[in-house]
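Data block below; observations after.
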Amino acid sequence: MKISKLALATLGALMAMGAQAGQYVLQAPKWGAAQQAAVAKAGGTVKFAHDGAGMAVVQSDNPNFLAAVKAGGAVTSGALDMVVQWTQPVVADAVNTADDQLYRVQWAPLSIHAPEAWAAGFDGSGVRVAVIDGGIYNAHPDLAGAIDVAASRSFVSNDPTTCEGQFNCDTGTFWHGTHVAGIIAARDNTIGVIGIAPKATVVGVKALHNGSGDFGAVIAAIIYAGDRNGAAVDIINMSLGAEFNRNEDGAAELRSLMNRAVNYATSQGALVVVAAGNSGIDFDAAKNLTDTPAESGNAIAVSATAPVGWATGLPGTDNFTHPASYSNYGNSMVWVAGPGGDASYPNATDMCTRPLQPSGSITRPCYVFDFVLSTSRAGYTWAAGTSMATPAVAAVAALIKQRFPKATPAQLKTKLAQSADDAGKIGQDNFYGNGYVNAFRAVTQ
């Protein structure tokens, strides 16, 4: 069945935040013995703490815990944690795992000139990218050797399934984190698909399960990923986001905590790349709404584009920069745009056939080919969302980091903007930000 624009536009609609009863996220100028003592005195137990970031995730059954822990001054602020159903993509179709050589049905790497960057010698070698997401299926043949299993972690707690403590576990046949990881670093190994930085190393940092999770897990994951003594990554990809009213109870404090985590990772040398979200909202106009972590600290947010009828081969269908119908936007948020996919092709019954490589073909409804194809727990799956655009940008940042190993997050951010194709109106605009990323120009300018 064809997915309507309306379905895409409402996919990331505002999700009511539910309190994570008995769990709190706290901050202080630093985290040490005084803070540990304050938590214990107030009747709490520390689940995660980081000295340098000055943050902790704590559990307590004391209904007055927050007031009690702040009473002595060692802990400066905190909030009751919230469980959120984070923004998810639309999943269109899966490819039988017997179908090999799928590179010729991947428009996304072509659209950002990744093959030219590879030909110039840049493939992400030596660069580490954290995927903060759900589970990553590291046994996937196209991710073999791509995942640093030893450094990968799960920060999901109280999991009622068998996934407790495992970064490579989730539910269903899609596995959002696996799709994201493949967009970044699926290996060029003669099978399946190819990632945009096919020799980069991915660190799986699980903070969500079945698409939901609490702020505490995401914050702990960010701190761990960026810490030079933790995962020590160069790029952090977060294809996740939550939109809520700025005046919602606890929203200001949770935003502050997320800002602090993002800025800590940045201070450690990690560029944080985040999905803008899938609700079709103009955040320049929606002053009462906030989108986190897209608007958090030094993170950069990515909007999504797509072709319309690419597989038909008709004139104009190789325009990859059509704004995706669902993508959030706004000058106040978006830094660059990337390939996210969409279902805008008007006729759901039209069928298209695309060649495989080096031989064979694959036939699907034409609109399916406008989605982004990547690895999944089922094998390979098409999906669409800013979740797909974000790892494309993170992968381009990895190519830049390979070209300029000493580049700081600020320099990577600038390079992404300066090398992007100027889409939309001339100069910076509210949908594309600084433009549509260009991998080749990013590593050769």
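Computed from the coordinates by the stated procedures, all read-outs in this text should not be read as laboratory data. Keep in mind that what you see is a predicted model, and the values were worked out from it rather than measured. Here Cβ is always computed from backbone atoms with ideal geometry, including for glycine, and neighbour counts include all displayed protein chains.
Compared with the dominant Cα axis of the chain, that is its longest principal axis, helix 176-185 is turned about 60°. If only the Cβ of Lys and Arg carry +1 and only the Cβ of Asp and Glu carry -1, the dipole of the chain around its Cα centre is close to 800 debye. The distance separating the Cα centre of the range 359-413 from that of the range 309-357 comes to 14 Å. In terms of distances greater than 20 angstrom between alpha carbons, the cross-link table entries Lys30/Lys401; Lys199/Lys401; Lys206/Lys401; Lys30/Lys70 yield Lys30/Lys401; Lys206/Lys401.
Considering the range 235-290 at the alpha-carbon level, its Rg and Dmax are found to be 12.6, 33 Å. Here Cα Rg over 2.2 N^0.38 Å was computed from the coordinates, and among (1) 1.00; (2) 1.22; (3) 0.94 the match is (3). Against the chain, whose longest principal axis is taken from its Cα atoms, helix 215-226 shows a tilt of about 70°. Net charge in the neighbourhood of Phe371 (other residues with Cβ under 9 Å of its Cβ; Lys, Arg +1, Asp, Glu -1) is -3.
Mind jotting down a quarter of the surface of the convex hull over the alpha carbons of the range 29-75, in square nanometres, one decimal?
Reported value for the Cα convex hull: 2.7 nm².
Length, then width, then depth: along the principal axes, the Cα atoms of the range 299-445 run 47, 32, 29 Å.
Have a look at Gly316, Pro63, Gln411 and report the one farthest towards the positive end of the charge dipole of the chain, computed about the Cα centre with Cβ charges (Lys/Arg +1, Asp/Glu -1). The listed residue farthest towards the positive side: Gln411.
Using per-residue counts of other Cβ atoms within 10 Å, averaged over each peptide, order 27-33, 390-396 from highest down. Don't skip to the answer; put the middle values down first.
Values: 27-33: 15.9, 390-396: 33.1.
Top of the packing list down: 390-396, 27-33.
Using the 10 angstrom Cβ neighbour count as an exposure proxy, how do Lys41, Lys425, Lys415 rank, fewest first?
Placing the least packed residue first, the sequence is Lys425, Lys41, Lys415.
The distance from the alpha carbon centre of the range 37-81 to that of the range 158-236 is 28 Å, rounded to a whole number.
Residues whose amide H falls under 5 Å from that of Asp93, counting only those 5 or more places apart or on a different chain, are Trp382, with hydrogens built in the peptide plane. Projecting the Cα atoms of Val193, Ile223, Val443 onto the dipole axis of the range 85-444, where Lys and Arg carry +1 and Asp and Glu carry -1 at the beta carbon, places Val443 farthest toward the positive end. For the range 284-389, the Cβ-based charge dipole about the Cα centre amounts to some 280 debye (Lys, Arg positive; Asp, Glu negative; other atoms uncharged).
Fewest-first ordering of Thr353, Thr305 by other beta carbons within 10 Å of each residue's beta carbon gives Thr353, Thr305. Computed from Cα positions, the angle between helix 251-267 and the longest principal axis of the chain comes to roughly 70 degrees. Rounded to the nearest 20, the Cβ-based charge dipole of the range 105-259 about its Cα centre (Lys and Arg +1, Asp and Glu -1) stands at 300 debye.
For the chain, the mean residue ellipticity at 222 nm estimated from helices alone is -7000 deg cm²/dmol, where every DSSP H run of n ≥ 4 contributes -39500 (n - 2.57) and the total is divided by all residues, rounded to the nearest 500. Between Asn278, Gly182, Val368, the Cα set farthest toward the positive side of the dipole of the chain (charges on each charged residue's Cβ, about the Cα centre) is that of Gly182.
Cβ-to-Cβ counts within 10 Å put Glu164, Glu295 in ascending order as Glu164, Glu295, the fewest first.
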